[in-house]
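The values are calculated or read from the model by the stated rules, or taken from the named source; none is laboratory data. Just so we're clear, the structure is a prediction, and the values are computed from it rather than from any experiment. No Cβ is skipped: glycine too gets one built from the backbone with ideal geometry, and neighbour counts run over all protein chains shown. Heavy atoms of the whole protein, side chains included, go into the accessibility calculation; ligands, DNA and RNA do not. Shrake-Rupley method; radii C 1.70, N 1.55, O 1.52, S 1.80 Å.
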Amino acid sequence: MSFPIASIAVVNSVLFGVYSNTLLALTATSHRERRAQPPSYAHVFLAGCTGGFMQVYCLAPFDLIKVRLQNQTEPRARPGSPPPRYRGPVHCAVSICQEEGPRGLFRGAWALMLRDTPTLGIYFVTYEWLCRQSTPEGQSPSSASVLVAGGFAGILSWAVATPLDVIKSRMQMAGLKHRVYRGVLDCMASSVRQEGLGVFFRGLTINSARAFPVNAVIFLSYEYLLRWWG
């Protein structure tokens, strides 16, 4: 987990930075002015989709390395057992480049882009809508409103994202297992043939349980940092 922890600040700064600046370009209003002149949901959705699309370029290599390391099952310190394939995130990145070429670091990026672009549009729209429902017009949302709105926005976005997240992870692991998918659709068809439609919702429960606290804190931090820095 050291690699995603170190990279999450970069990925979120790209997402929220692109989102805020796209919204500024679309509405010509600052963060403070948006409470008195709230942007349309169409503008929020477009800004969220733009942020989701742009973050893929940063997220794809980090996410691939995280998935490969999490799926590494060799025992670490058992006498006589084979050593782990990857000794850490840097060794994992170097090994992928050597075995699969630099493009290997972006394996599954198409599925990641298809997952994040619309999902993050829905994510920000859900957050904005819930904040507006619980906040008097023209005022900033309370900390409690931000926490609840951010948490439920995270749950809804992961409910939408989980099917493509499953496909993305399978494509990322395909290089390690020497299995070749011809693309996102081929991976989806192969998964359904072998395991049925339920395969698309594997991990939904744990993703949702994680999404509420994580996204509640993310949005609370985002709101307070923007208020402090004007």
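Looking across the range 147-170 at every residue that is modelled with pLDDT of 95 or more and surrounded by fewer than 24 Cβ atoms within 10 Å (Cβ to Cβ), the one that is farthest from Pro213 (Cα to Cα) is identified as Leu156. Scanning the range 199-230 for residues that are closer than 16 Å to Ser169 by Cα and open to solvent by less than 70 Å² (accessible area, probe 1.4 Å) yields Val199, Phe200, Gly203, Leu204, Asn207.
Restricting attention to the range 98-146, the residues that are in contact (Cβ under 8 Å) with a residue 12 or more places away in the chain and open to solvent by 60 Å² or more (accessible area, probe 1.4 Å) total 10.
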